[in-house]
Every structure is written in structure tokens, then in C-alpha cells.
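Notes follow the structure.
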Amino acid sequence: MRVGRVPRILAAGLATMVGLTGCGEEAKPAAQLLQERTCFGVFTRDDLAPFLGDGDDVRVSGASDAELTAARRGVTCTVAAGSNYFQASATRQPLGQSFFWNRETIHPAADPLALGDDAIVYNVGARALVNCRGGTDEFGLEVHVSGDVDKMKPEERRPLFAKLVAKLLDAAKQQSKCRV
């Protein structure tokens, strides 16, 4: 009788192990599915991983570069994984036309950043503005980053947004031939 129990115990143990193996697989970070650099060639997988969480479906939409001209005045890039997202944009306007940030509605209040001519960082994003001299004209260049912060610790959000908006500002200035 003991011999009959051993195969049943082994079979039950094996079935349990197979079942747990399927449940024990860790979800992979969605950012691993991205190209090494995305959104205008500026951001790395590691830059975007905190916004995207885990998953196996990542969508990227938008321009491949941030080169702005008098005719091409704005570009946007959105990276989404399920309900999680990251968005970056760059806008060019004639010098003197103001960008409206509506700082009074940002709560908690935005902090200033030492970037360009004006820059702020807040809990869900950051913006920066620089006045440029181009080849034949002068223009204002604004960059903006935002994203899903639900998976981030509150103290990590603003430093990350500040780092990313600085990267985008540098790239947009270079790609748009902005001299300050």
C-alpha cells in the first residue's frame, strides 16, 4: 500500500510545482520592449521605466526627432503601456509670443528650475523655455514632459522630471539649431 501512495504524492507535488511556476513568473518591465532610445532619440529605457510599470504591450507614437522650424512648430511623443504613460513635447513660437503655464493652478506649487530662460518642475511634470537665435530668426522654444507617477515615490518625482526636461531641452535646442 505504501508503494501506491508514493507515486500519488510525487504527482501531487509535481502538479503543485508546475502550478506555482506559472504563478511565480515575474512580470517584465514594459520599458524593456522599447528601443534603446525613444522620443526624439532623447530618452533611454531606464529613463522611461518608472512611468511604464510592467507589461508586454508598449506603444510609441509621435515624431522621431525634435527638429523645429518656422513651418514645423511642434512635436509630441507619447509612450504608453496599458494605462501608464509618458509624454514629451517641444514647441516653437515667434519670439515674444508667450507660453501660458497657468502656474496658479498647479498644486502643490511648482518649483523653479535653473534651465533656460524659465523652467518649473511639479509633481506630474516639468516645463522649460529658452529664447533662441536661429539661422534667420529668433524664436521661443518650450519643452514639456509629463507622465504617470502612480508607481513612484513622491520624493522621486520632481528630481526625475527635472532630469528629463533638461535632457529634452538640450536635445531640442541642438536639433532645432537654437543658439542662446
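The values are calculated or read from the model by the stated rules, or taken from the named source; none is laboratory data. Values in this document were obtained by computation on a predicted structure and should not be read as measured data. Reconstructed Cβ throughout: ideal geometry from the backbone, glycine too, with neighbour counts over all protein chains shown. Remember, those area values only see protein heavy atoms, side chains included, never the ligands or the DNA or RNA. Shrake-Rupley method; radii C 1.70, N 1.55, O 1.52, S 1.80 Å.
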Exposure of VAL130 as accessible area (Å², to 10), given a probe of 1.4 Å and all protein chains: 10
message: Is the C-alpha gyration tensor of region 53-101 telling us rounded, prolate or oblate? Criteria: a/c under 1.5 is rounded; beyond that, a/b larger than b/c is prolate, otherwise oblate.
response: oblate
query: Among all lysine pairs in region 68-180 that are eight or more places apart or on different chains, how many have alpha carbons less than 27 angstrom apart?
result: 7
- prompt: Taking LYS28 as the anchor, which aspartates and glutamates have their alpha carbon closer than 15 Å to its alpha carbon, excluding any fewer than eight residues away along the same chain?
  reply: ASP46, ASP54, ASP56, ASP57
Structure-based [θ]222 nm, the chain - -39500 (n - 2.57) summed over DSSP H runs of at least 4, per residue, nearest 500: -10500 deg cm²/dmol
message: Given points 7 Å out from each Cα along the Cα-Cβ axis, report the SER98 to ASP111 separation in nanometres with one decimal.
response: 2.6
message: Keeping all protein chains in the complex and leaving out DNA, RNA and ligands, what accessible area do you get for GLU104 with a 1.4 Å probe, in Å² to the nearest 10?
response: 140
statement: In order over region 99-112: 3J(HN,Hα) from phi, Karplus 6.51/-1.76/1.60, θ = phi - 60°, whole Hz, x for each Gly or Pro, gives 9, 9, 9, 6, 4, 5, 8, 8, 9, x, 4, 6, 9, x
Relative compactness, region 30-132, computed as alpha-carbon Rg over 2.2 N^0.38 Å: 1.19
Accessible-area composition of region 101-153, carbon plus sulfur, in percent [1.4 Å probe]: 48
query: In what sequence, largest accessible area first, do ARG45, ARG92 appear using a 1.4 Å probe?
result: ARG45, ARG92
query: Accessible area per residue of region 79-180 at 1.4 Å probe, in Å²?
result: 51
field: Charge context of GLY74, other residues only, Cβ under 10 angstrom, K/R +1, D/E -1
entry: +2
- line: So, over other residues within a Cβ distance under 10 Å of GLY134, counting Lys, Arg +1 and Asp, Glu -1, the net charge is +2
message: Using a 1.4 Å probe on the protein heavy atoms only, what accessible surface does ILE106 show? Give it in Å² to the nearest 10.
response: 30
statement: In Å², rounded to a whole number, the accessible area per residue of region 22-71 with probe 1.4 Å is 59
